[in-house]
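The values are calculated or read from the model by the stated rules, or taken from the named source; none is laboratory data. All of these numbers come straight from a predicted model, not from anything done at the bench. Ideal geometry is used to build each Cβ from the backbone, glycine not excepted, and the neighbour counts take in all protein chains shown.
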Amino acid sequence: MISVYSPLGLLPPVKGVSLNPLPVMSDAVTIAILDNSKHNFGALMDRVAAVVSQKYPEVQWHIERKPGAAHPAPDDIRERILEHANVVFTGSGD
């Protein structure tokens, strides 16, 4: 006979959490997209931007692209993002 054990053990009961409210979107909101140069990142951010723009059409966009996923964003890119954007979207495209 084979016994199979769950690696999770006993799970604690789930508690409800509350999130802080999002700031009010206004004409002054600019979202930067920092493209990490991974294959599917552009497609992912296109979809995210479309959904955000549909709900908040007044949002402006600022797009930058890193030289490669394994490299940090160069200083000039970081400075432009700081100058133009209130929020940054970045992440993985895997």
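For the stretch 18-40, indicate whether the set of residues that are of a type in the set (Lys, Arg), more than 30 Å from Ala73 (Cβ to Cβ) and at pLDDT below 90 is non-empty. No: the stretch 18-40 contains no residue that is of a type in the set (Lys, Arg), more than 30 Å from Ala73 (Cβ to Cβ) and at pLDDT below 90. Please go through the stretch 41-60 and give me each residue that is assigned to a loop (DSSP other than H, G, I, E, B) and touching an Asp or Glu at 6+ places or on another chain (Cβ under 7 Å), ordered by number. Glu58, the sole residue that qualifies. Examine the stretch 50-57 for a residue that is among the basic types (Lys, Arg), under 14 Å from Phe89 (Cβ atoms) and either free of Cβ contacts under 8 Å to residues at least 24 places away in the same chain or surrounded by 15 or more Cβ atoms within 10 Å (Cβ to Cβ) (or both), and state whether such a residue exists. No, every residue in the stretch 50-57 fails to be among the basic types (Lys, Arg), under 14 Å from Phe89 (Cβ atoms) and either free of Cβ contacts under 8 Å to residues at least 24 places away in the same chain or surrounded by 15 or more Cβ atoms within 10 Å (Cβ to Cβ) (or both).
Quick grid of which residues meet (1) touching an Asp or Glu at 6+ places or on another chain (Cβ under 8 Å); (2) surrounded by 14 or more Cβ atoms within 10 Å (Cβ to Cβ):
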{"site": "Gly9", "(1), (2)": "no, no"}
{"site": "Pro12", "(1), (2)": "no, no"}
{"site": "Asn20", "(1), (2)": "no, no"}
{"site": "Val29", "(1), (2)": "yes, yes"}
{"site": "Ala32", "(1), (2)": "yes, yes"}
{"site": "Lys66", "(1), (2)": "yes, yes"}
{"site": "Asp75", "(1), (2)": "no, no"}
{"site": "Arg78", "(1), (2)": "no, yes"}
